1. If the requirement is being under 16 Å from B:A192 (Cα atoms), touching a Lys or Arg at 6+ places or on another chain (Cβ under 8 Å), within 12 Å of chain A (Cβ to nearest Cβ) and not charged (D, E, K, R), which of these qualifies: B:A375, B:A337?
2. Within segment A:160-178, can one find any residue that is closer than 21 Å to A:L399 by Cα, modelled with pLDDT of 90 or more, touching a Gly at 6+ places or on another chain (Cβ under 6 Å) and crowded, with 16+ Cβ neighbours inside 10 Å?
3. Taking into account only those residues within segment B:242-257 that are touching a strand residue (DSSP E or B) at 6+ places or on another chain (Cβ under 9 Å) and facing chain A (nearest Cβ under 7 Å), which is nearest to A:R317 (Cα to Cα)?
4. Whether any residue in segment A:22-38 is under 32 Å from the mean Cα position of the chain (by Cα), in a helix (DSSP H, G or I), under 27 Å from A:L188 (Cα atoms) and in contact (Cβ under 8 Å) with a residue 60 or more places away in the chain is what I want to check.
5. Would you pick out the residues in segment A:250-275 that are part of a helix (DSSP H, G or I) and not aliphatic (A, V, I, L, M)?
6. If you scan segment A:241-253, which residues turn out to be free of Cβ contacts under 8 Å to residues at least 24 places away in the same chain and under 15 Å from A:A325 (Cβ atoms)?
7. Test of understanding: among B:L123, B:L87, B:L143, which residue is of a type outside the set (D, E, K, R), surrounded by fewer than 18 Cβ atoms within 10 Å (Cβ to Cβ) and under 24 Å from B:I174 (Cα atoms)?
Protein chains: 2
Amino acid sequence: MATSPIWASRSKTRGLVLDLIRSARTISRIELAEATGLTGATISEVVRELMGNGLVVEAGRGMSTGGKPRTLVRLNPVARYSVGVQLERNTCVIVVVDLAGRPVTRTAVPGVASMPPQRALPLVAAQVDALLATAGVDRDKVLGVGLVSYGPQDRRAGVQLTPQPTDEWLDHPIAQRLAGHLGLPVLLDNDAAAAAIGEYWMGAVDSRSTYGCIYMASGIGGGVVVAGEIYRGSSSNSVEIGHISIAADGDECTCGNVGCLENYAGPSAVVQQARALPGLAGRLALDPADADLLTGFAQIAAAANSGDPDARSLIERSARYLGSAAVTMAGLFDVDAIVLAGPSFAVAGPIYRAVVQREVDRRTFARRAHGVRVALSVNGSDAAAIGGAVLVLQSELILGRG
Amino acid sequence: MATSPIWASRSKTRGLVLDLIRSARTISRIELAEATGLTGATISEVVRELMGNGLVVEAGRGMSTGGKPRTLVRLNPVARYSVGVQLERNTCVIVVVDLAGRPVTRTAVPGVASMPPQRALPLVAAQVDALLATAGVDRDKVLGVGLVSYGPQDRRAGVQLTPQPTDEWLDHPIAQRLAGHLGLPVLLDNDAAAAAIGEYWMGAVDSRSTYGCIYMASGIGGGVVVAGEIYRGSSSNSVEIGHISIAADGDECTCGNVGCLENYAGPSAVVQQARALPGLAGRLALDPADADLLTGFAQIAAAANSGDPDARSLIERSARYLGSAAVTMAGLFDVDAIVLAGPSFAVAGPIYRAVVQREVDRRTFARRAHGVRVALSVNGSDAAAIGGAVLVLQSELILGRG
């Protein structure tokens, strides 16, 4: 399908201007002209179009540097919405966000992701419908759904390339099927990459910077963003940092690699190490057959926060391994910042942040060139689902595909 | 300094067309129009301009798919030249390449890189002058010098951020000083990144692909190329794969990290391991105080090729560690191919290639999505110096800066 070059080019300009308005929060037409290098006439026309679409509204007057006060514009957050759906091993998080990327409503559905897709996707669709109805969001204003998950994917086809959580998920056209159930466009992407994009949309990182995200839920993933766009590589299966080897002679992982980070630093490893310490396991009453891994991990993290020396030692060890992977990420991608995101940083995030920052400061190869800031995600535990929704906003409004 | 947008845009089109001619070897105007989506009139104008500059010449007639035969064009390799200078720990390699990236002449100057820059750079400049004179290359046709080295750099300032090989190199304006000695533009870049770009220019990899390079001389470096351009990250200090940790609890490296790949897989580690085996050290008459590390390593590599079991075992161990790092590169950058380049693959390259390919096939996370081809560099031992020269061609002619 051919796209008119004039439309594409106008759409790209519109996306650029909208992104500047988003990141500035409020901005005048004159400042937009200065930032883009476009003429005042072009900016006025684009802003008029964005206001006509309802995406942008006037926001009072700002102080001018001489001359008359400038009229400011800002995003109109209620003009559009999008939905983020995260399929995790234990649960499915669904969020609705407004045009500013702020969650309007959310729900978590346990169990969905362990069903085969034929059962799971109609349930997810029903939950999305219910969420939109309850929040009173006009369906015509919903741009689409960002469905995010872990494991290898064929992103263009909207297909998972992994037999997880059940064999039926392998090669199942999950994006297409969910789109069919909902009557909304659905894009499939990696959860950690989505979490990374969510940070940029919320203004937590400079949109011109190169930064990474380490995402930890039950597993560990990663994403890198370069100048506002996800680093994709050949097939969008990039930055799989949970499955890099941190021990060349380590044990084999289910993924085929040996000594994978996830098996040293992830919640499963930490819970296993805690169960091997009778004192700690007893103090926390850790259920040896506990199916809910993340609850056990959260208990250990809380104990570490409260000063339990065994728990603290386990969390710090996990953080040092993550720090080692963060040093690899910094040395390979040359990032300005690394964001720690996901539910497994919810409790002991500050311990992780401090240890990873220390490792990066000491060990990163190009530390003479610049530092690497380590930060906790502004989107908290729902970072991946929010990021999935933000990917839809970015794809439809900024990158000139809408 | 403002650039006219019209000139920039014409220059970008010219670069695109020139790059297509380069990669196709011979191509007709009609095929150029099809490949670029530009009109026949625009292509004719651009090709006329490229022929006027002498960069492109006619190359006979090709078969048409019906209608009259098409006139083909190709690069004119003798139209321009560039110089690549690689500063390695033990030696300095200088090459002159033609517009097709083919070496016209080369020299290797031992010892230069262990001198302070005030002594080394005038010597390098004299060698470049002598090389150009001997080869009879017209200086007006020399676009510039690509100076490549290892360690952290401030690429824009043309400054090394490392006190290696002597303290005086830290913060010394080496690009500017060499440019002053030679009266030619000098760009500073990373040796491994340069080697990666050299592969693309020689047509050894598809210019639209994402691929990595692992470069091994006395140390180990890396580069990744995305759609024909080096992945830069924040400060061009990216893909430092020799200093990623493959052993989270390993020994501290001089770089500040622990368990660095270079200390397990690099020539220095292999020579040290060989010296600890009295049988092998005796058979190869390894000099325990041998200053020329690479000679000792080449002896071990040659013995491995000849079937010496101890030597073979050491080289294969080194290759497995490199394979582990290659799996990390593939998992993080999602590459289609990994090229092994540099003098330390000159002797036992096929052993390394086979072992790294095996590890990547078995262990890469997204192997269901696509395979990763492991290949030896087409530019051999001089890959970094040739790549430095190619970076100048690319920067001046393709990326629209010329």
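1. The conditions single out B:A337.
2. Looking only at segment A:160-178, we keep the residues that are closer than 21 Å to A:L399 by Cα, and these are A:175.
Next cut, modelled with pLDDT of 90 or more only: A:175.
Next, only the ones that are touching a Gly at 6+ places or on another chain (Cβ under 6 Å) stay: A:175.
Retained after the next criterion (residues that are crowded, with 16+ Cβ neighbours inside 10 Å): A:175.
Yes, because at least one residue in segment A:160-178 is closer than 21 Å to A:L399 by Cα, modelled with pLDDT of 90 or more, touching a Gly at 6+ places or on another chain (Cβ under 6 Å) and crowded, with 16+ Cβ neighbours inside 10 Å.
3. Ranking the qualifying residues of segment B:242-257, first place goes to B:A248.
4. Yes - at least one qualifying residue is present in segment A:22-38.
5. At the first step, the residues of segment A:250-275 found to be part of a helix (DSSP H, G or I) are A:262-265, A:267-275.
If the condition is that a residue be part of a helix (DSSP H, G or I) and not aliphatic (A, V, I, L, M), then A:E262, A:N263, A:Y264, A:P267, A:S268, A:Q272, A:Q273, A:R275 are the ones that fit.
6. At the first step, the residues of segment A:241-253 found to be free of Cβ contacts under 8 Å to residues at least 24 places away in the same chain are A:243, A:245, A:247-253.
Of everything in segment A:241-253, those that are free of Cβ contacts under 8 Å to residues at least 24 places away in the same chain and under 15 Å from A:A325 (Cβ atoms) turn out to be A:H243, A:S245, A:A247, A:A248, A:G250, A:C253.
7. Numbers: B:L87 fails: surrounded by fewer than 18 Cβ atoms within 10 Å (Cβ to Cβ); B:L143 fails: surrounded by fewer than 18 Cβ atoms within 10 Å (Cβ to Cβ).
Being of a type outside the set (D, E, K, R), surrounded by fewer than 18 Cβ atoms within 10 Å (Cβ to Cβ) and under 24 Å from B:I174 (Cα atoms) holds for just one of B:L123, B:L87, B:L143, which is B:L123.
Let's see how each residue does on (1) farther than 30 Å from B:N90 by Cβ; (2) surrounded by fewer than 24 Cβ atoms within 10 Å (Cβ to Cβ); (3) touching a residue at least 40 places away in the same chain (Cβ under 8 Å):
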site: B:S324; (1), (2), (3): no, no, yes
site: B:V327; (1), (2), (3): no, no, no
site: B:F333; (1), (2), (3): no, no, yes
site: B:D336; (1), (2), (3): yes, yes, yes
site: B:V347; (1), (2), (3): no, yes, yes
site: B:R358; (1), (2), (3): yes, yes, no
site: B:D361; (1), (2), (3): yes, yes, no
site: B:R373; (1), (2), (3): yes, yes, no
site: B:V378; (1), (2), (3): no, yes, yes
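The values are calculated or read from the model by the stated rules, or taken from the named source; none is laboratory data. Keep in mind it's a predicted model, so treat the numbers as computed, not measured. In this analysis, Cβ positions are derived from the backbone assuming ideal geometry, glycine residues included, and neighbour counts consider all displayed protein chains.
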